[in-house]
Amino acid sequence: MFEIRQSIIEDDIPHTCFACDLSACKGACCTIAGGTGAPLLDEELEQIKRSFPAIQSSLPPEHLEIIRQQGLVEGASGSYTTKCFNNRSCVFVFYQDGVARCAFEKAFLEGKTGWRKPISCHLFPIRVSFGPIKHLRYERITECAPAVTRGQEEQIFLSSFLKDPLIRTFGASWYHDFQLACSKEQKYSLIPAGSKK
């Protein structure tokens, strides 16, 4: 592990190659079985409420029914998550050509809202434990194997692939220092995802 401005980064993050391949995974990270949705920061609940009217028309009827019956989120302060449909799909997912996509992100890209999506979704597969010291770890799931393969083939590192959400979360100056540290680790060779130098 190494530290960047009170953030602890696990050693495998700089060495991991990763680039989403939606044509292969079909947006599987939004539809993983288990019944627990995306982790939410407390302050994101208000953003979800404000953005929801802009996304309603994109959502499947069965997802809207879950929201009508059970609300937009579940949990308690410090541990809120999005709701799920059928213990799998996030209720804010819609399907386009067989691919699960985020309705919040669709509305954002269309200029209908100023909020993109929950930060845990934007940062995935990096997970962050927030606190006085933030802890960044890489969450490996089998559904993301196509992203690892594509990253290795195209020589795209996770640290570069997640530039936008990392800057959104930590700021441009932090990202500059983070990327410098990662580049030093990466300069000798491409190392298969999950391995350590």
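The values are calculated or read from the model by the stated rules, or taken from the named source; none is laboratory data. What you see is a predicted model; the values in this text were computed from it and never measured. All Cβ positions, glycine included, derive from the backbone under ideal geometry; neighbour counts span all protein chains shown.
Structure summary
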| read-out | value |
| --- | --- |
| Residue check, V93 closer than 19 Å to G34 by Cβ, at pLDDT 95 or above and of a type in the set (V, I, T) | yes |
| Any hit, the range 46-69, residues being surrounded by fewer than 17 Cβ atoms within 10 Å (Cβ to Cβ), touching a Pro at 6+ places or on another chain (Cβ under 6 Å) and touching a residue at least 60 places away in the same chain (Cβ under 8 Å) | no |
| Residues that are surrounded by fewer than 14 Cβ atoms within 10 Å (Cβ to Cβ) and within 11 Å of L40 (Cβ to Cβ), drawn from the range 77-97 | S77, G78, S79 |
| Number of the exception - D12 against (1) surrounded by fewer than 17 Cβ atoms within 10 Å (Cβ to Cβ); (2) within 27 Å of I167 (Cβ to Cβ); (3) more than 17 Å from the chain's Cα centre (by Cα); (4) modelled with pLDDT under 95 | (1) |
| Qualifying residue in the range 111-124 (condition: modelled with pLDDT of 95 or more, within 14 Å of the chain's Cα centre (by Cα) and of a type in the set (S, T, N, Q)) | yes |
| Residue list for the range 92-116, filter: part of a loop (DSSP other than H, G, I, E, B), touching a strand residue (DSSP E or B) at 6+ places or on another chain (Cβ under 9 Å) and under 21 Å from C25 (Cα atoms) | F92 |
| Residue count for the range 30-43, restricted to those that are surrounded by 15 or more Cβ atoms within 10 Å (Cβ to Cβ) and either in contact with a Lys or Arg (Cβ under 9 Å, 6 or more places away or on another chain) or not assigned by TED's automatic domain parsing to the domain that holds Q70 (or both) | 6 |
| Lone qualifier among L158, L123, L109 - being over 18 Å from Y80 (Cβ atoms), among the aliphatic types (A, V, I, L, M) and touching a residue at least 12 places away in the same chain (Cβ under 8 Å) | L158 |
| Condition met for P118 (under 21 Å from L64 (Cβ atoms) and not assigned by TED's automatic domain parsing to the domain that holds I67) | yes |
| Number of positions in the range 135-168 that are β-branched (V, I, T) and surrounded by 20 or more Cβ atoms within 10 Å (Cβ to Cβ) | 1 |
| Check on H135, touching a Ser or Thr at 6+ places or on another chain (Cβ under 6 Å) and either of a type outside the set (D, E) or outside any helix (DSSP H, G or I) (or both) | yes |
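Yes/no per residue for (1) touching an Asp or Glu at 6+ places or on another chain (Cβ under 8 Å); (2) closer than 25 Å to K163 by Cβ; (3) in the same structural domain as T169 (by TED's automatic domain parsing):
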site	(1), (2), (3)
P53	no, no, no
G71	no, no, no
Y80	yes, no, no
N87	no, no, no
C90	no, yes, no
G98	no, no, no
F104	no, yes, no
S129	no, yes, yes
Y138	yes, yes, yes
